Amino acid sequence: PDKPTRLKATAGDGPVWVNGANGRLPDLITKQSFKDVEVHVEFLIAKKSNAGIKFHEVYEIQILDSYGKKSVDGTDMGGVYPRADLQKGGYLDRGIAPRVNAAKPPGEWNTLDVRWKSPRFNSPGEKTANAVIVKATLNGQVIHENQELKTPTGGNWMRKETATGSLMLQ
């Protein structure tokens, strides 16, 4: 309670990933690669937290303390993170805002469900279809539906896209 930007974990049942004492841990990356996938994530964040779930490690749906914001963009909870210029700093666009701000207050559990469709490639390796968030719901509210992603997000936007990839929890 005296540090609203930090969480304190207590033992319980089931697996739980808790961020470190300094507020950071290494990303969790699956060993298995996925093409099209359905993902269900339950998470609780502290005040001012910033994280994300990344499909193929390069397409990010943002997890951020955005509770109560009236106007949101791709940098907010449930947004598709904007492309970023890692050399000069700053964003190249606003990302893709969630349809609604469905974020719960810090310290409350959130649920994110995503149906993901990977980009498609022909036999020579040329991209024939963009990645698509078929449907994403945050706390029971639709935040994206049939949302095409033309490039990876954040500083990854210039990286080569692939038909399969790992999931990453940032």
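Some notes on this structure:
- Restricting region 116-135 to residues that are assigned to a strand (DSSP E or B) and touching a Pro at 6+ places or on another chain (Cβ under 7 Å), the residue that is nearest to residue 54 (Cα to Cα): 131
- Sub-7 Å Cβ pairs linking a first residue in region 147-170 that is closer than 23 Å to residue 90 by Cα and of a type in the set (S, T, N, Q) to a second residue that is in a loop (DSSP other than H, G, I, E, B) and modelled with pLDDT under 95, at least 6 apart or interchain, are 151/157; 170/27, ordered by first then second residue.
- Failed criterion for residue 23 (all others in (1) surrounded by 10 or more Cβ atoms within 10 Å (Cβ to Cβ); (2) of a type outside the set (S, T, N, Q); (3) modelled with pLDDT of 80 or more hold): (3)
- Identity of the residue in region 149-170, hydroxyl-bearing (Ser, Thr, Tyr) and under 25 Å from residue 50 (Cβ atoms), that ends up surrounded by the most Cβ atoms within 10 Å (Cβ to Cβ): 153
- All positions within region 66-84 that are in a loop (DSSP other than H, G, I, E, B) and either open to solvent by 40 Å² or more (accessible area, probe 1.4 Å) or of a type in the set (Lys, Arg) (or both): 67, 68, 69, 70, 71, 81
- Residue 38 vs. criteria under 28 Å from residue 150 (Cα atoms), of a type in the set (Asp, Glu) and surrounded by fewer than 20 Cβ atoms within 10 Å (Cβ to Cβ): yes
Yes or no, residue by residue, for (1) open to solvent by less than 80 Å² (accessible area, probe 1.4 Å); (2) within 13 Å of the chain's Cα centre (by Cα); (3) of a type in the set (D, E, K, R):
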| residue | (1), (2), (3) |
| --- | --- |
| 93 | yes, no, yes |
| 96 | yes, yes, no |
| 102 | yes, no, no |
| 109 | no, no, no |
| 127 | yes, no, yes |
| 134 | yes, no, no |
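- Residues in region 42-73 that are under 16 Å from residue 98 (Cβ atoms) and either more than 14 Å from the chain's Cα centre (by Cα) or free of Cβ contacts under 8 Å to residues at least 60 places away in the same chain (or both): 50, 62, 64, 65, 66, 67, 68, 69, 70, 71, 72, 73.
- Selection within region 136-148 - in a strand (DSSP E or B), of a type outside the set (Val, Ile, Thr) and open to solvent by 10 Å² or more (accessible area, probe 1.4 Å): 141, 145, 146, 147, 148
The values are calculated or read from the model by the stated rules, or taken from the named source; none is laboratory data. As the structure is a prediction and not an experimental result, all values here were calculated from the model. Cβ coordinates were reconstructed from backbone atoms using ideal geometry, including for glycine residues, and neighbour counts include every protein chain displayed. With ligands, DNA and RNA removed, areas are computed over all heavy atoms of the protein, side chains included. Shrake-Rupley method; radii C 1.70, N 1.55, O 1.52, S 1.80 Å.
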